[in-house]
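Visitor: Structure incoming, see below.
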Amino acid sequence: MARRAASARLSRQEALRLYEEADLVDLASRADEACRRLHGDRARTFAVDRNINFTNICECRCRFCAFWRAPESPEAYVLDFETISEKIREALALGATHILAQGGVHSGLDLEFYERMLGAVRDRFGVWMHALSPPEVAALARREGFSVRRVLERLRAAGLASLPGGGAEILSDRVRRLISPRKCSAGEWLAVMREAHALGLATSATMMFGHIEMPTERTEHLLRLRDLQDETGGFQSFIAWPFQAVNTDLARSGDLGTGWRPATGAEYLRLVATARLVLDNIPNVQASWVTMGPRIGQTALHFGANDLGSTMIEENVVSAAGCAHRLARGDLERLIREAGFEPVQRDCTYRPVPR
């Protein structure tokens, strides 16, 4: 998407003021208008896919995450390829167009493991693999002694089709030192995405908010994404979700503070609307019904979101933190219709899927 004229863009000060001070109804109206300019008045999209978490062993041990396990944990696992294959067969039978595959940053899995996995999926199923994430790629590059570009080139040759935006959390090193000190820095996350875009790999961008970050850091996160998109044009979508506290070290430690509470639906919708207005060069904004529930996800379609996300079929990360919303294809279609739009299934690149 072409960069908009600088005079039409929100500055840093304007973005923060809009996020903190704008009337919510007015903010929704502005974001909805921006969304309709980009996507029209009728169609709103959804996807059918499956999220396969092939391992929960992770050396990052992020304090906000309830999913990771140490290698010695009795709950630790690495899925074998037959198990992964069965999950893919089930997803394809339900109409999935792509597979989201992510794991922990597992020091015992080398680059050849990922090449074998991607290559086997390509050869057996030919399905689009939206896989790994910047922290996984950055860690692989360090372990193998390769550049990020070389790792991505090899993964792409093996069958990687696009890169999810996981691991962004908040793109502030102050925040990352407190919640995920072993994970790649904000600059490293952006650098992986820059290399992916240079190689023609489309990616998504994410934000996990509502923990210890400040409003200025939320808006700065959006602006750093916008800046990189001006440079590369490789982000296809933006997805935000609020921190889920159950079973996390961040909640157990008390570091959230006595006044902390989960983000409300209104706070989530405010962020979605602000993102739609700030990210004038990222075409798609996705609603997170998985964390916020179906009704808030549906409402986000009037706050600047044009996509209701996917059926996912399987989800393990936020469910480990106590979030267990589930929707089938028919549920997503119904929610979009009830919001006043026409549901259109799309693939991983946001192209309509013929019925």
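No lab work stands behind these numbers, since they all come straight from the coordinates. Not measured: the values here are computed from a predicted model. Ideal geometry is used to build each Cβ from the backbone, glycine not excepted, and the neighbour counts take in all protein chains shown.
Visitor: Could you work out the relative contact order of the range 215-311? I mean the mean sequence separation of Cα pairs under 8 Å and 6+ apart, divided by the number of residues, in percent.
Guide: Values: 107 pairs, mean separation 31.4, N = 97.
This gives 32 percent for the range 215-311.
Visitor: By how many nm would the segment from T216 to E82 grow when fully extended, if each residue of separation counts as 0.36 nm and the alpha-carbon distance is taken off? Mind showing how you got there, number by number?
Guide: Numbers: separation 134, 0.36 × 134 = 48.24 nm, distance 4.61 nm.
Difference between extended and current length: 43.6 nm.
Visitor: Within the range 34-131, report the trypsin sites (Lys or Arg not before Pro) that DSSP leaves as loop and that have at most 12 other Cβ atoms within 10 Å. Working shown, then result.
Guide: Numbers: sites: R36, R37, R42, R44, R50, R61, R63, R69, K87, R89, R116, R122, R124; in loops: R42, R61, R63.
Passing both the DSSP loop test and the Cβ count: R42.
Visitor: Moving to a separate point now. Could you tell me which label, among (1) 61, 60, 36; (2) 65, 52, 32; (3) 51, 49, 37, carries the value of Cα extents along the principal axes in Å calculated for this structure?
Guide: The calculated read-out lines up with (3).
Visitor: OK, next. Among W68, W260, W241, which one shows the biggest mean-square fluctuation in a GNM of the chain, springs joining Cα atoms closer than 10 Å?
Guide: For the chain, modelled as a Gaussian network with Cα springs under 10 Å, the answer is W260.
Visitor: Which of H39, H130, H98 ends up with the largest GNM mean-square fluctuation for the chain, with Cα atoms connected below 10 Å?
Guide: Of the options given, H39 has the highest mean-square fluctuation.
Visitor: List the trypsin sites (Lys or Arg not before Pro) within the range 150-199 that fall in a DSSP loop (any state other than H, G, I, E or B) and whose Cβ has at most 16 other Cβ atoms within 10 Å. Before the final figure, lay out the partial values.
Guide: Numbers: sites: R150, R154, R156, R174, R176, R177, R182, K183, R194; in loops: R182, K183.
In loop regions of the range 150-199 (DSSP not H, G, I, E or B), the sparsely surrounded trypsin sites (Lys or Arg not before Pro) are R182.
Visitor: Right, here's the next one. Compute a Gaussian network model of the chain, connecting alpha carbons closer than 10 Å, and tell me which residue from N56, N247, N284 fluctuates the most.
Guide: Largest GNM mean-square fluctuation: N247.
Visitor: Where both partners of a DSSP beta bridge lie in the range 23-150, what percent of those bridges are antiparallel, to the nearest 5? Can you show the working numbers first?
Guide: Details: 1 of 11 bridges.
Roughly 10 percent of the DSSP beta bridges within the range 23-150 come out antiparallel.
Visitor: Quote the charge dipole size of the chain about the Cα centre in Debye, to the nearest 20; the model charges only the Cβ of Lys and Arg (+1) and of Asp and Glu (-1).
Guide: Values: 46 positive and 45 negative charges, 87 e Å.
In debye, rounded to 20, the chain gives about 420.
Visitor: For the range 9-131, what class follows from the C-alpha gyration tensor (a ≥ b ≥ c being the square roots of its eigenvalues): rounded when a/c is under 1.5, otherwise prolate if a/b is larger than b/c, else oblate?
Guide: Numbers: a/c = 3.03, a/b = 1.65, b/c = 1.84.
It comes out oblate by the Cα gyration axes.
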